[in-house]
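The values are calculated or read from the model by the stated rules, or taken from the named source; none is laboratory data. The shown structure was predicted, so the numbers you read here are calculated from the model rather than taken from an experiment. Methodologically, a virtual Cβ is constructed for each residue, glycine included, from the backbone with ideal geometry; neighbour enumeration extends over all protein chains shown.
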Amino acid sequence: MGDINDPKPSLLIIAVSSRYDEALAWTKRRAVEQFGPLQAESSAFEFVETDYYEASMGTELKKQFLTFQNLVDPGQLPQVKRLTNEWEVQYAEGNEHPEPRPLNLDPGYLTLAKLVLASTKDHAHRIYLHEGIYAEVTLNFRHGGWKSSDWTFPDYRRDDYQQFFLSCRQKLRSRQIDGNVGSKIK
């Protein structure tokens with residue numbers, strides 16, 4: 001029988017997708033108010049790998065990743081996903097965009113071994129967590145780099161995304177080596 005241990009604090013990551021720069025900025029302000037100062041933010045990458053969101057979100061989508069100095073207990077992922085879903089609704093109701101869903105938020109967490117994303121949708125490769133939320137290991141870290149799985153979204157296979165995740169992993173590793181894991185969100 002193995003010992004039961006609490007998980008190490010993880011790096012909260014939120015993928016923000018929209019065609020509107022103001023939606024990206026609005027989300028960043030809300031996220032900093034909720035989760036504390038940013039540790040890193042990616043460029044606003046062009047999101048061109050699928051047209052799945054076109055009917056609900058429009059064209060010319062961008063995706064930006066936000067990470068935070070305050071680390072999270074990975075067990076908090078369902079609460080974070082439910083909160084970001086509320087933010088999507090608030091943004092849509094508070095702004096006059098023609099699309100029904102002008103903002104898409106996908107939270108997850110990054111550890112030294114993996115990038116996990118939350119979802120409201122069940123699938124064969126997803127594990128139920130709590131409160132209607134599932135999780136999947138989208139990328140795993142092996143042999144010095146990020147590795148995808150059959151189910152990994154095409155954009156998460158991109159080199160530019162993975163370079164950003166690699167820099168986030170390096171910062172997290174440095175913090176863990178230094179013993180400076182920082183405060184966790186509440």
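Report the residue count in the stretch 79-131 for those that are among the hydroxyl-bearing types (S, T, Y), over 19 Å from T27 (Cα atoms) and touching a residue at least 12 places away in the same chain (Cβ under 8 Å).
Selection size over the stretch 79-131: 2.
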Number of the exception - K81 against (1) basic (K, R); (2) assigned to a loop (DSSP other than H, G, I, E, B); (3) crowded, with 18+ Cβ neighbours inside 10 Å: (2)
The listed residue being surrounded by fewer than 16 Cβ atoms within 10 Å (Cβ to Cβ) and either of a type in the set (S, T, N, Q) or within 19 Å of F164 (Cβ to Cβ) (or both), out of G132, G108, G145, G94: G145
Options A124, A118; residue that is assigned to a loop (DSSP other than H, G, I, E, B), among the small types (G, A, S) and either out of contact with any helix residue (DSSP H, G or I) (no Cβ under 8 Å at 6 or more places or on another chain) or surrounded by 17 or more Cβ atoms within 10 Å (Cβ to Cβ) (or both): A124
Exclusive hit being outside any strand (DSSP E or B) and touching a Lys or Arg at 6+ places or on another chain (Cβ under 8 Å), set Q176, Q162: Q176
Near pairs, Cβ below 7 angstrom, 6+ apart or cross-chain, from the stretch 41-61 (farther than 22 Å from W26 by Cβ) to any residue that is crowded, with 16+ Cβ neighbours inside 10 Å: E49/D155
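Within the group T67, T50, T27, which residue is among the hydroxyl-bearing types (S, T, Y), modelled with pLDDT of 95 or more and either loosely packed, with under 15 Cβ neighbours inside 10 Å or closer than 28 Å to E96 by Cβ (or both)? It would help to see each step written out before you state the result.
Numbers: T67 fails: either loosely packed, with under 15 Cβ neighbours inside 10 Å or closer than 28 Å to E96 by Cβ (or both); T50 fails: modelled with pLDDT of 95 or more.
Every option except T27 fails the conditions.
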